[in-house]
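The values are calculated or read from the model by the stated rules, or taken from the named source; none is laboratory data. Remember, it's a predicted structure, so these values are computed and weren't measured experimentally. Here the Cβ is made from the backbone with ideal geometry for all residues, glycine too, and neighbour counts use every protein chain on show. Surface areas here come from the heavy atoms of the whole protein model, side chains and all, with no ligands, DNA or RNA. Shrake-Rupley method; radii C 1.70, N 1.55, O 1.52, S 1.80 Å.
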Amino acid sequence: MDKQFKQAVLSFIRQEELIRPGDRVIAAASGGADSMALLQLLMDEKEALEIGSLEAVHVDHRLRPGSVKVADFVEEFCRQNGVRLHRFVSDAEIGHRSEEWSRDFRYSCFETLAGPKVRIATAHTLSDQAETLLFRLARGTGVRGACGIPAKRGPFIRPMLTVTKKDAEQFCALRGIAYITDPDNLTDDYARNRIRHYALPALDTVNPKAQAAMGQFCRKMSRLEDYLGRQASGLLARAQKGDGWEISALLSEEPVIRQAALTQLVEKHRALRGSDLDQLEKILKAGRGRLFLGKNTFLSAADGLLQIQEGERKEYESPLCQPLKPGKYRFPGGYCFTVSVLTGKDCEESIKFAQIHKKALKNCADYDKLSNGMCLRTRQPGDVFRPAGRNVQKSLKKLYNELEIPGSQRLFLPLAAEENQIRWIWGQGFAHGLRPDSTTVRLLVIEPETED
């Protein structure tokens, strides 16, 4: 098993040209089986791979009190093996933070080490690849999402994408390599954990090599994505006319290539959203209209051309902010709603009504669970929200992307907030933990209306 594991990883490294002679390789070491197996393998094969220098990096997110012990464990392993360790620690207080925050913090630390001939090796396995594919398919994805985790991206390399998590654990057992299992990986709190615990084992009963098959599928999709990218660039070159692109030329191409071209245009300015391509298809067929790209920029169709254009910024596009008090409010974009605080019998009857009509409940909150500093406004940088029933904090940007809310609507969408903690969003209701219960004596109701 030891030899097979090494051969599989080394073969993939050479096939994908992940490490070149003289490279400075920095292995991300979390302390888990995958990362410790990767670090040991790189130590074993340093000369064979002609690695210039081998180092390690550990990031302590401070998600739990025991995280320091994990960091110390990795540091001691590196000390015993003569490997230089770069150790990072979050300055945030210990506590629950989102997966997105953890990943962003981790990679921001990694990127400080990037430089010429630097390769930062992460221990993503074939099992991680399969989980990622299933996760994206379940949420809805296209060819790009089906590519899964890339073997290399910038300074980052993933040498273990052809071996499973179980293979890594067996390698550690055979070599006597100690590791620490993250307790969060044992729970079903995260969607990826549920896929790992239930979906993958079920697929293994259908095909013992199901994970390998999914990995191969991702590689095929990656080659297809590269092909579509080249075809899209060719289409844009053929359709170019002055500072725009001829709509007739775009419409004459196969939809899959046209949409790849439109994706390239959008992504020069921002990330593609779920509704963008459908909206652009309608704009092209109508020959007029525009898609908001951010700030003052639009992708506009008129006079037979699709162009990137600047638009005037309206005064009301800056964030509105006013204290949350009972009354009727109108926001730009046609948003109208009423804020009420109910007590006594009115409170009891409204709670009973909301419990029967569940959709009404999302716009009701226990007023005493909120601070006096609540304000009504539009979005601001750094805003975060915990969707009701999920208790997972998301950035407002990520939430809007998931909900496929068009950029033009995001400018005006009404929010109720305490600093950067969003407590209520138009269409989504109140945040997690604010719904009324049997102890509620004051009920806050925000009732969306149709503007007069």
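Evaluate the following for PRO381: is it without any contact (Cβ under 8 Å) to a residue 12 or more places away in the chain and in a loop (DSSP other than H, G, I, E, B)?
Yes, satisfied.
I'd like to know if the stretch 163-173 contains one or more residues that are in a loop (DSSP other than H, G, I, E, B), touching a Ser or Thr at 6+ places or on another chain (Cβ under 8 Å) and closer than 26 Å to PHE12 by Cβ.
Scanning the stretch 163-173 turns up at least one residue that is in a loop (DSSP other than H, G, I, E, B), touching a Ser or Thr at 6+ places or on another chain (Cβ under 8 Å) and closer than 26 Å to PHE12 by Cβ.
Considering only residues that are aliphatic (A, V, I, L, M) and closer than 19 Å to ARG103 by Cβ, look in the stretch 389-416 and name the one that is surrounded by the fewest Cβ atoms within 10 Å (Cβ to Cβ).
My answer is VAL392.
Look at the stretch 111-131 and say how many of its residues are assigned to a helix (DSSP H, G or I) and surrounded by 21 or more Cβ atoms within 10 Å (Cβ to Cβ).
Number satisfying all stated conditions: 6.
Would you mind stating whether LEU342 is among the aliphatic types (A, V, I, L, M), touching an Asp or Glu at 6+ places or on another chain (Cβ under 8 Å) and modelled with pLDDT of 80 or more?
no
Could you please tell me which pairs satisfy a Cβ distance under 6 Å, a separation of 6+ or placement on different chains, a first residue in the stretch 4-23 that is in contact (Cβ under 8 Å) with a residue 40 or more places away in the chain, and a second residue that is in a helix (DSSP H, G or I) and open to solvent by 10 Å² or more (accessible area, probe 1.4 Å)?
PHE5/ASP167
Whether any residue in the stretch 57-70 is in contact with a helix residue (DSSP H, G or I) (Cβ under 9 Å, 6 or more places away or on another chain), surrounded by fewer than 21 Cβ atoms within 10 Å (Cβ to Cβ) and free of Cβ contacts under 8 Å to residues at least 12 places away in the same chain is what I want to check.
Within the stretch 57-70 (the criterion being in contact with a helix residue (DSSP H, G or I) (Cβ under 9 Å, 6 or more places away or on another chain), surrounded by fewer than 21 Cβ atoms within 10 Å (Cβ to Cβ) and free of Cβ contacts under 8 Å to residues at least 12 places away in the same chain), the answer is yes, since at least one residue qualifies.
Mind checking which residues of the stretch 174-192 are under 17 Å from THR122 (Cβ atoms) and outside any loop (DSSP other than H, G, I, E, B)?
Result: ASN185, ARG192.
Among the numbered criteria (1) crowded, with 22+ Cβ neighbours inside 10 Å; (2) more than 25 Å from SER35 (Cβ to Cβ), which one does VAL143 miss?
(1)
Which condition number does ARG290 fail, the rest of (1) open to solvent by 60 Å² or more (accessible area, probe 1.4 Å); (2) among the charged types (D, E, K, R); (3) modelled with pLDDT of 90 or more; (4) in contact with a helix residue (DSSP H, G or I) (Cβ under 8 Å, 6 or more places away or on another chain) being met?
Condition not satisfied by ARG290: (3).
Mind checking which pairs have a first residue in the stretch 204-232 that is within 19 Å of PRO255 (Cα to Cα) and a second that is charged (D, E, K, R) and assigned to a helix (DSSP H, G or I), Cβ under 6 Å, 6 or more apart or different chains?
Taking only residues 6 or more apart or on different chains, the pairs are GLU225/ARG144.
If a residue must be at pLDDT below 95 and assigned to a loop (DSSP other than H, G, I, E, B), how many such residues does the stretch 138-147 contain?
Within the stretch 138-147, residues that are at pLDDT below 95 and assigned to a loop (DSSP other than H, G, I, E, B) number 3.
Just to be sure, is PRO436 modelled with pLDDT under 90 and part of a loop (DSSP other than H, G, I, E, B)?
When the stated conditions are applied, PRO436 passes them.
Considering the stretch 186-203 alone, what residues qualify as being free of Cβ contacts under 8 Å to residues at least 40 places away in the same chain and under 30 Å from LEU63 (Cα atoms)?
LEU186, THR187, ASP188, ASP189, ASN193, ARG194, HIS197, TYR198, PRO201, listed by residue number.
Considering each residue of the stretch 17-50, count those that are of a type in the set (D, E, K, R), open to solvent by 50 Å² or more (accessible area, probe 1.4 Å) and in a loop (DSSP other than H, G, I, E, B), and give that number.
Summing the residues that are of a type in the set (D, E, K, R), open to solvent by 50 Å² or more (accessible area, probe 1.4 Å) and in a loop (DSSP other than H, G, I, E, B) in the stretch 17-50 gives 5.
Quick one: what pairs do we get from the stretch 133-148, first residue free of Cβ contacts under 8 Å to residues at least 24 places away in the same chain, second open to solvent by 60 Å² or more (accessible area, probe 1.4 Å) and hydrophobic (A, V, I, L, M, F, W, C), C-beta under 9 Å, 6+ apart or different chains?
GLY145/LEU137
Check LYS268, LYS295 and return the single one that is modelled with pLDDT of 80 or more, open to solvent by 50 Å² or more (accessible area, probe 1.4 Å) and among the charged types (D, E, K, R).
LYS268
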